Structure formats: C-alpha cells, structure tokens
Amino acid sequence: MAKKTPLLEVKDLHVKVEGKNILRGIDLTVKAGEVHAVMGPNGSGKSTLAHVLAGREGYEVTKGGVRFAGSDLLAMAPEERAREGLFLAFQYPVEIPGVSGMNFLKSALNEMRKHRRLPELDAMDFLTLAREKMRLLEIDEKLIQRAVNVGFSGGEKKRNEVFQMAMLEPRLAVLDETDSGLDIDALKIVANGVNSMRSPDRAIILITHYQRLLDYVVPDKVHVLAHGRIAKSGGRKLALELEKKGYGAFGQSAASVAA
Amino acid sequence: MAVASDTAKTIESATGGDYKYGFVTDIDMDFAPRGLNEDIVRFISAKKNEPDWLLEWRLKSYRRWLTMTEPRWARVRYAAIDYQAAYYYAAPKSTELLDSLDEVDPELLRTYEKLGIPLEEQKMLAGVAVDAVFDSVSVATTYKEKLAEEGIIFCSFSEAVQTQPELVRKYLGSVVPYSDNFYATLNSAVFSDGSFVYIPRGVRCPMELSTYFRINAENTGQFERTLVIADAGSYVSYLEGCTAPMRDENQLHAAVVELVALDDAQIKYSTVQNWYPGDKDGKGGIFNFVTKRGACRGVNSKISWTQIETGSAITWKYPSCILQGDNSVGEFYSVAVTNNHQQADTGTKMIHIGKNTRSTIITKGISAGKGQNTYRGQVKILPGADGARNYTQCDALLIGDQCGGHTIPYIEVRNPTAHVEHEATTSKISDDQLFYCMQRGLSAEDAISMIVNGFCKQVLMELPMEFAVEAQKLLDISLEGSVG
Ligand SMILES: Nc1ncnc2c1ncn2[C@@H]1O[C@H](COP(=O)(O)OP(=O)(O)OP(=O)(O)O)[C@@H](O)[C@H]1O
Ligand SMILES: [Mg+2]
C-alpha cells in the first residue's frame with residue numbers, strides 16, 4: 001500500500017561540514033500525517049539536518065541516504081526538492097532587499113504550480129489566497145508588501161515563514177526553531193497556523209528548544225538529537241522530561257558546546 | 001552596381017569632378033576605403049552632399065583630432081585601437097547580407113527570441129536582407145507625417161542637414177564642442193548619421209520618439225550623431241535602443257548626442273544599450289565610447305537621462321547636464337551591468353551654473369563573472385549657483401567574487417548655499433539569499449533575476465513602459481550564466 005511508504009526516510013546519514021563530522025548516523029522515518037518534534041542542545045546538528053534535507057551547499061554526505069516519497073532526495077537540486085513539496089522554515093530567514101514579499105511568494109507559488117501542472121495564479125487570485133492565509137496568521141498585508149524580511153522584527157520573520165508555508169502547502173514542512181523569539185500571543189497564532197496545516201497527507205518536523213510549543217502543537221513523536229545522532233525517541237512525554245532534566249543524560253549540555 | 005555609379009556621380013558632382021579620389025574607381029563602393037585621412041572625411045561629406053560649412057567643421061575636427069590622444073583615465077583596459085584599420089563609411093552591399101535566418105548564428109537568434117523581437121526585426125538585426133537596413137544610413141522615422149502636423153521635426157541627421165540647415169548649424173557642436181574630447185572630436189570628423197529632433201514652442205510631443213541603431217558591417221566604426229532641440233515650453237521623450245550582431249573583432253562605437261532644452265522645456269532621453277558584449281572569454285564586443293550631454297539652457301528647463309547599459313565589451317559614457325537656466329533640473333538614472341569580461345566606466349556630470357538648479361543621480365551597477373563596473377560622476381556647483389542642490393545615490397551589486405564594483409565621485413562646491421548629498425552602498429547576492437529563494441522553488445537564475453530587478457527598480461521605473469519590459473528581459477539575458 002502506498003500509505004505504508006514513509007514520506008521521509010533518513011538512513012544512517014553522515015554529514016561533514018568543513019571537514020568536521022556533524023551528523024554521525026541519523027535514522028529518522030516520518031510518515032504522512034505525522035508531526036515529529038526534534039529537540040537537542042545547541043550545536044547538536046538540528047539545523048544541519050534541516051539544511052541537508054533542503055539541499056544547501058557546503059555539506060558533504062559521507063554515508064547513508066534520504067528518500068523522500070520514495071525518491072532519492074539527495075540527488076535532487078534544492079529547487080526541485082522545494083517543488084516536490086519540501087519546505088524549510090529557516091531558523092534565520094534571509095533578507096532580500098528590493099523584492100516585495102508578494103512578488104517573491106507569487107513567483108514561488110507559481111513555480112510550484114507549474115511543477116504540479118496546475119495553471120499559474122494571476123495577481124487577483126493570488127491576492128485572494130494570500131489574504132485568506134494572512135487572516136489565519138493575523139499578518140498585516142503591509143508586511144508582505146515590504147521587501148522580503150528586510151527590517152522585519154525577529155517575530156515577524158518567523159511569522160512570515162509560517163505564512164509562506166501556508167501559501168505553498170508543502171508535503172513535508174521542516175520548521176527550524178520557528179517558535180524561538182515569539183511572544184506568547186504570536187506563539188499561539190503560529191501554533192494555530194501549524195495545526196491548520198496538519199493533514200493526513202502532510203508531515204511536519206518541528207525543531208524546537210521549548211516544549212511550550214508542543215503544548216499547542218501536539219507531536220506524534222519526539223526525538224532528541226545529540227552529537228549528531230538521534231539519541232532517544234519517544235512520545236509527547238519525552239519533551240516534558242527533557243524540560244525538567246536537560247540534556248545531561250545525553251552527554252551533551254548546552255554548556256559543553258558553548259566553547 | 002547602381003550604388004557604385006551613384007556614388008561616383010555624387011562625388012563627381014560634389015567635387016566638380018576635379019578632386020582626385022584614387023580609390024573611387026578601384027574599390028567596391030560599399031565602403032569608403034579602410035583608414036582615416038582628410039580624403040575620407042571629404043568622401044563622407046560628399047556622400048551626404050553636405051554644405052561647405054559642415055565639411056569645414058568636419059575637417060577642423062579631424063585636424064584637431066590628430067593632435068589629441070586617447071583618454072586613459074577610465075578604469076578600463078583594452079589593447080590599443082588601430083584607427084587606420086577601420087572603415088569610416090559603410091553602406092551594406094547586398095552580397096554581404098545573409099539570405100535567410102538559417103545562416104544566422106543560432107545563439108544570436110536565441111537572444112532576439114528571448115527579447116521578443118519580431119521576426120522581421122530579427123532579420124534586420126541579424127543582417128539578413130530586408131529593405132532599407134543600412135549601416136550609417138538613416139534611421140527609422142515612423143509617424144513622420146503625424147508629427148509634422150504638430151510642427152515636430154524628426155528625421156535622420158543627414159536629412160536635417162539638407163532640410164533644416166539653420167537649426168543644425170545653430171546647435172551642432174553647441175553642447176559638445178568639436179574639440180571636446182578624443183572620441184567626440186573623432187565623431188565630429190566622421191559622423192555617419194543619427195537622429196534629429198526639433199520640438200517647436202509649447203508643443204508636447206504626442207508619442208515617444210524612438211530609434212534603433214545598428215551595426216551590421218564588419219570592421220565598421222559607428223559614429224552616429226544625434227541632436228534634440230526642445231524649444232520653449234515643449235516636451236519630448238526620446239528612446240534609443242542599440243543591438244549589434246556578434247563579431248569576433250572589437251568594433252568602435254563613438255556617438256555624440258547633444259540635447260538643448262530652452263525655457264520651461266523638458267527632454268527625457270532613455271537608452272537601452274545592448275551592443276554585443278563579446279563572448280564568455282572576452283573576445284570581441286563593442287567599444288562603446290560615447291559623449292552625451294544636455295544643456296538646460298532655459299529657465300525651469302529639465303533634462304532627464306535614463307540608461308540601461310547591458311551590452312558592449314567596454315562602456316565609457318557620462319551623459320551629463322549643464323544646468324545653465326535658473327531653476328533648471330538635471331536627472332541621471334542608470335543601470336549598468338557587466339558580466340564575463342565586460343568593463344564599464346560610466347556616470348554623469350552635473351554642472352550647476354544657474355540659481356536654484358537641482359540634480360538627482362541614481363545609479364545601480366551590477367557586476368558578475370569577471371566584470372568590472374565603475375561609477376564615475378562629477379557634481380560641480382559654480383559660484384553663481386545659489387541654492388543649488390544635488391542628491392546622489394550609487395549602489396553596487398556584486399554577483400560572485402571575481403567581479404568588481406567601484407564608485408568614484410568628484411564633488412566640487414564653489415557656492416556656500418549649495419547642498420550636496422552623496423550616498424553609496426555595495427552589496428552582494430549571497431549564497432544565503434540564493435538558497436532561500438531556491439528553497440521556495442525558484443531556480444538560481446530566476447532568483448538572481450528577481451533580486452537584480454528589485455535592485456534596479458528605482459531606475460527601471462523611470463523608463464517608458466514598453467522599454468521597461470525589454471530592459472528587464474535584457475538584464476536577465478545579460479546575467480545568464482552568472483551563477484555556476
Ligand atoms: N559552515 C560551517 N562551518 C563550520 N561549522 C559548522 C558550519 N555549519 C555548522 N557548523 C557546526 O555544526 C554544528 C551543528 O550546527 P547546527 O547549526 O546544525 O546546530 P543546531 O543543533 O541547529 O544548534 P542551535 O540549537 O544552536 O540552532 C555546530 O557545531 C556548528 O558550529
Ligand atoms: Mg539550529
């Protein structure tokens with residue numbers, strides 16, 4: 001059955017950055033309809049994993065592989081992965097001066113639609129759709145009319161990432177610390193946005209440091225990434241445990257990588 | 001061929017038959033012979049049946065040119081130009097034209113196609129035989145009659161010499177003197193053709209006037225001469241587009257453009273320059289050494305230059321404004337792109353003479369590949385220019401790490417009431433930006449195109465609509481292959 005094919009299958013993934021081993025054998029399987037939380041100390045390799053999945057340059061895969069909906073993900077160009085439905089909400093969204101958010105997102109969405117053999121949206125249809133999603137995420141239209149991320153506050157950048165995700169409707173969304181830097185109201189709004197994206201044919205990976213987010217977006221699975229490996233996997237309760245005990249048990253605390 | 005005998009006759013009649021042109025009988029008449037001397041200058045003048053004063057002006061220029069040396073202060077490098085190796089007059093001979101588009105370099109056609117240039121136009125640009133396409137001869141002058149009803153004169157420069165001798169004589173060389181600089185002086189001696197525009201008092205020109213210049217013949221220098229006169233209270237928007245086929249050897253293009261705006265008159269002059277830039281390794285391409293200058297002679301007059309410079313191997317060009325009339329306004333909006341081995345040294349000069357004169361300079365330099373891009377601009381406020389104001393903003397965008405962007409402003413303020421502001425930024429399209437865009441499904445090239453268009457928006461907005469679209473496509477094409 002097609003349903004049994006996992007959406008994402010990471011097998012024994014080893015990755016080097018600048019000659020340094022960062023990921024040392026990641027195994028992770030995510031099925032459509034699931035929400036996974038990935039936690040772990042600073043520098044443990046969470047963003048690295050996200051970037052490798054999205055196809056960023058500068059990462060050397062030395063062993064293992066990744067399948068996305070049955071295809072070899074690592075063989076695809078970054079834009080192909082995006083068009084195939086892999087979305088990354090960046091931990092540090094990039095500013096693009098001179099390019100309005102509307103224009104940017106319209107081009108992006110139409111690339112995806114072209115890929116899916118859907119007709120491109122014209123300006124009016126796009127705007128209608130964008131307004132609907134803006135309402136959901138309580139985003140001011142003015143923000144989207146400005147140049148992408150330029151001069152946005154930290155929280156605005158994160159919210160803009162979720163807005164883009166809602167617009168692009170990916171099959172797999174990886175949210176890298178999208179909850180960091182959000183005030184409590186914004187956190188709820190973002191969580192609502194993420195929850196509204198939950199669907200039987202979509203999977204979400206939440207990279208987070210705070211179990212607080214998981215109060216709102218309840219994950220099916222929680223993983224602890226330490227030293228470049230998934231050190232432990234469990235259910236919702238694992239996050240609560242970590243909150244209490246820290247990462248000491250995994251031999252890597254935030255302090256130990258601070259140097 | 002008819003052309004040959006016509007030319008022979010022309011020369012005979014122009015010279016009364018007693019002038020000795022050794023070459024008249026033994027060369028193919030499509031070209032003046034290679035090289036430059038007084039006989040060539042006379043030949044060109046005779047070909048065009050010019051009055052004596054103009055021949056004298058050409059000769060005076062030629063003699064001055066002999067005493068001048070090429071400017072070397074620009075931040076561009078190129079091998080010495082052999083001025084005796086070029087042809088200074090060329091009318092195409094039919095055998096040189098290609099019979100069909102099949103014979104044209106497909107790479108070139110691909111470019112035209114992307115630009116959305118219609119097939120007939122493609123043929124013209126590619127040097128396929130189409131009626132009335134001549135190097136050095138005339139310009140397309142559509143809607144001439146409609147314009148004539150308004151008293152507007154829009155014709156080729158050669159025609160104006162015949163039909164508007166007083167206007168030509170009064171204004172030719174009045175903004176760019178024959179002795180101005182090496183290339184302008186060379187142009188004054190050998191200029192081939194160009195456009196002439198006169199807008200009468202109080203007339204607002206009802207349409208954009210536009211010209212396509214072309215270089216088709218090999219080894220042909222192109223020296224066009226354009227003169228635009230806006231009489232009191234008039235308005236005109238003039239567009240100039242340039243495209244040239246690919247040739248392996250460098251070709252010299254040394255044009256002169258003079259603009260004159262009288263009281264309350266406005267001239268908007270837009271250029272989209274896409275001369276052949278040379279290949280990826282820097283072989284071939286146009287040397288675009290051009291002198292463009294406008295005189296805001298009347299009170300409240302305004303001259304606005306907008307240029308999109310994507311082509312040419314080397315661009316050396318400083319469209320300028322002499323703000324003589326009180327309250328006159330000069331503007332310069334520029335996008336210059338250098339990719340592969342292209343070099344550009346371009347900018348403007350704003351000379352404030354009258355009271356309360358204002359100038360604005362907005363430039364966007366984009367460098368990719370091994371391109372070198374220099375903004376060089378002068379703002380000069382003379383003692384009488386009370387209350388003069390200038391605002392300059394120069395932005396450079398780098399794509400990759402083998403290119404260069406440079407800003408060289410010269411500011412001279414000799415009036416304490418003047419206000420001069422200069423801002424400059426340099427930015428780079430970062431890998432982070434590209435990755436961010438690609439993660440949203442855009443290809444690297446589309447991402448660059450989007451970022452570049454955003455970067456240039458301020459200038460593109462100044463272009464007339466149809467031109468803005470073409471300019472955007474050109475930006476994309478000229479930056480193709482700038483990411484590896
Ligand atoms: N380009 C690089 N050059 C050198 N080291 C790198 C590079 N990118 C990542 N690293 C290193 O890889 C390790 C993992 O980084 P990563 O960003 O994946 O951590 P993280 O788990 O996302 O941390 P945080 O919770 O702080 O976001 C860190 O030690 C980091 O310094
Ligand atoms: Mg991280």
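The values are calculated or read from the model by the stated rules, or taken from the named source; none is laboratory data. Values in this document were obtained by computation on a predicted structure and should not be read as measured data. Positions of Cβ are generated from backbone atoms using ideal geometry, with glycine treated the same way; all protein chains shown enter the neighbour counts. Side chains included, ligands, DNA and RNA excluded: accessible areas come from the protein's heavy atoms. Shrake-Rupley method; radii C 1.70, N 1.55, O 1.52, S 1.80 Å.
Can you tell me which residue within the stretch A:215-232, out of those that are within 12 Å of ligand 1 (Cβ to nearest atom) and part of a loop (DSSP other than H, G, I, E, B), is nearest to the other protein chains (Cβ to nearest Cβ)?
A:GLY228
Can you tell me which residue is farthest from ligand 2 (Cβ to nearest atom) among those in the stretch A:12-31 that are under 27 Å from A:GLU241 (Cα atoms) and open to solvent by 50 Å² or more (accessible area, probe 1.4 Å)?
Checked the stretch A:12-31; the qualifying residue farthest from ligand 2 (Cβ to nearest atom) is A:LYS31.
Would you please name the residue that is most open to solvent (accessible area, probe 1.4 Å), looking only at residues in the stretch B:33-47 that are farther than 18 Å from B:GLU224 by Cβ and in contact (Cβ under 8 Å) with a residue 12 or more places away in the chain?
In the first step, residues of the stretch B:33-47 are kept if they are farther than 18 Å from B:GLU224 by Cβ; the result is B:33-35, B:37-39, B:42, B:46.
Checking which are in contact (Cβ under 8 Å) with a residue 12 or more places away in the chain leaves us with B:33-35, B:38-39, B:42, B:46.
Working: B:PRO33: 30, B:ARG34: 122, B:GLY35: 3, B:GLU38: 54, B:ASP39: 51, B:ARG42: 61, B:ALA46: 9 Å².
Restricting to residues being farther than 18 Å from B:GLU224 by Cβ and in contact (Cβ under 8 Å) with a residue 12 or more places away in the chain, the top hit is B:ARG34.
State whether one or more residues within the stretch A:12-22 are away from ligand 1 (no atom under 16 Å from the Cβ), over 19 Å from A:ARG171 (Cβ atoms) and modelled with pLDDT of 95 or more.
yes
If we scan the stretch B:194-214, do we find a residue that is at pLDDT 95 or above and touching a helix residue (DSSP H, G or I) at 6+ places or on another chain (Cβ under 8 Å)?
So far as the stretch B:194-214 goes, yes, one or more of its residues are at pLDDT 95 or above and touching a helix residue (DSSP H, G or I) at 6+ places or on another chain (Cβ under 8 Å).
Can you list the helices (runs of 4 or more DSSP H) found entirely within the stretch A:87-200 that contain at least 2 residues being more than 14 Å from chain B (Cβ to nearest Cβ)?
A:123-136, A:141-145, A:154-168, A:184-197
Would you please name the residue that is most open to solvent (accessible area, probe 1.4 Å), looking only at residues in the stretch A:167-182 that are within 12 Å of the chain's Cα centre (by Cα) and more than 16 Å from ligand 1 (Cβ to nearest atom)?
Just the residues of the stretch A:167-182 that are within 12 Å of the chain's Cα centre (by Cα), to begin with: A:170-179.
Next cut, more than 16 Å from ligand 1 (Cβ to nearest atom) only: A:170-173.
Details: A:PRO170: 6, A:ARG171: 86, A:LEU172: 0, A:ALA173: 0 Å².
Restricting to residues being within 12 Å of the chain's Cα centre (by Cα) and more than 16 Å from ligand 1 (Cβ to nearest atom), the top hit is A:ARG171.
Could you grab me the full set of residues in the stretch B:160-181 that are in a helix (DSSP H, G or I) and either surrounded by fewer than 18 Cβ atoms within 10 Å (Cβ to Cβ) or hydrophobic (A, V, I, L, M, F, W, C) (or both)? Before the answer, list the steps.
First, the residues of the stretch B:160-181 that are in a helix (DSSP H, G or I): B:160-163, B:165-171.
If the condition is that a residue be in a helix (DSSP H, G or I) and either surrounded by fewer than 18 Cβ atoms within 10 Å (Cβ to Cβ) or hydrophobic (A, V, I, L, M, F, W, C) (or both), then B:ALA160, B:VAL161, B:GLN162, B:THR163, B:PRO165, B:GLU166, B:LEU167, B:VAL168, B:ARG169, B:LYS170 are the ones that fit.
Quick one: in the stretch A:74-86, which of the residues that are more than 8 Å from chain B (Cβ to nearest Cβ) and in a loop (DSSP other than H, G, I, E, B) is surrounded by the most Cβ atoms within 10 Å (Cβ to Cβ)?
Looking at residues that are more than 8 Å from chain B (Cβ to nearest Cβ) and in a loop (DSSP other than H, G, I, E, B), I get A:GLY85.
Answer with yes or no whether B:GLY371 is surrounded by 18 or more Cβ atoms within 10 Å (Cβ to Cβ) and farther than 20 Å from B:ARG297 by Cβ.
Spelling it out, B:GLY371 is indeed surrounded by 18 or more Cβ atoms within 10 Å (Cβ to Cβ) and farther than 20 Å from B:ARG297 by Cβ.
Could you please let me know if A:LYS158 is within 16 Å of ligand 2 (Cβ to nearest atom) and open to solvent by 10 Å² or more (accessible area, probe 1.4 Å)?
yes
So B:SER427 ticks every box in (1) more than 9 Å from chain A (Cβ to nearest Cβ); (2) of a type in the set (S, T, N, Q); (3) in a strand (DSSP E or B) but one. Which box is left unticked?
Only one criterion in (1) more than 9 Å from chain A (Cβ to nearest Cβ); (2) of a type in the set (S, T, N, Q); (3) in a strand (DSSP E or B) is unmet by B:SER427, namely (1).
Keeping to the stretch A:85-114, report how many residues are of a type in the set (Phe, Trp, Tyr) and farther than 19 Å from A:ASP179 by Cα. So that I can check it myself, show each step before the final result.
Initial filter on the stretch A:85-114 (of a type in the set (Phe, Trp, Tyr)): A:87, A:90, A:92, A:104.
Subsequent filtering for residues that are farther than 19 Å from A:ASP179 by Cα retains A:104.
Summing the residues that are of a type in the set (Phe, Trp, Tyr) and farther than 19 Å from A:ASP179 by Cα in the stretch A:85-114 gives 1.
Residues to consider are B:GLU445, B:GLU421; find the one that is of a type in the set (D, E, K, R) and either farther than 17 Å from B:ASN339 by Cα or more than 14 Å from chain A (Cβ to nearest Cβ) (or both). Please lay out each step first, then the result.
Working: B:GLU445 fails: either farther than 17 Å from B:ASN339 by Cα or more than 14 Å from chain A (Cβ to nearest Cβ) (or both).
Of the residues listed, the single one that is of a type in the set (D, E, K, R) and either farther than 17 Å from B:ASN339 by Cα or more than 14 Å from chain A (Cβ to nearest Cβ) (or both) is B:GLU421.
Sort out which residues of the stretch A:47-58 are surrounded by 18 or more Cβ atoms within 10 Å (Cβ to Cβ), under 17 Å from B:ASP431 (Cα atoms) and within 8 Å of ligand 1 (Cβ to nearest atom), and write them in order of number.
Selection gives A:SER47, A:THR48, A:ALA50, A:HIS51.
Would you mind finding the one in A:ALA147, A:ALA191, A:ALA186 that is under 25 Å from A:GLU79 (Cβ atoms), free of Cβ contacts under 8 Å to residues at least 60 places away in the same chain and small (Gly, Ala, Ser)?
A:ALA147
Out of the stretch A:219-250, which residues are in contact (Cβ under 8 Å) with a residue 60 or more places away in the chain and open to solvent by 70 Å² or more (accessible area, probe 1.4 Å)?
A:ASP220, A:LYS221, A:HIS227, A:ARG229
Considering only the stretch A:56-73, I want to know if a residue exists there that is closer than 30 Å to A:ASP12 by Cβ, assigned to a strand (DSSP E or B), within 16 Å of ligand 2 (Cβ to nearest atom) and free of Cβ contacts under 8 Å to residues at least 60 places away in the same chain. Step through it out loud before you land on a result.
Here is the first cut: in the stretch A:56-73, the ones closer than 30 Å to A:ASP12 by Cβ are A:56-73.
Next cut, assigned to a strand (DSSP E or B) only: A:59-68, A:71-72.
Right, trim to within 16 Å of ligand 2 (Cβ to nearest atom) and you get A:59.
The next check asks that each one be free of Cβ contacts under 8 Å to residues at least 60 places away in the same chain; those that pass are A:59.
Among the residues of the stretch A:56-73, at least one is closer than 30 Å to A:ASP12 by Cβ, assigned to a strand (DSSP E or B), within 16 Å of ligand 2 (Cβ to nearest atom) and free of Cβ contacts under 8 Å to residues at least 60 places away in the same chain, which makes the answer yes.
On the given criteria, is A:ALA32 within 14 Å of ligand 1 (Cβ to nearest atom) and not basic (Lys, Arg)? So that I can check it myself, show each step before the final result.
Values: within 14 Å of ligand 1 (Cβ to nearest atom): no; not basic (Lys, Arg): yes.
It is false that A:ALA32 is within 14 Å of ligand 1 (Cβ to nearest atom) and not basic (Lys, Arg).
Identify, by number, the condition in (1) closer than 20 Å to B:ILE451 by Cβ; (2) open to solvent by 10 Å² or more (accessible area, probe 1.4 Å) that B:GLN378 doesn't meet.
Looking at each condition in turn, B:GLN378 falls short on (1).
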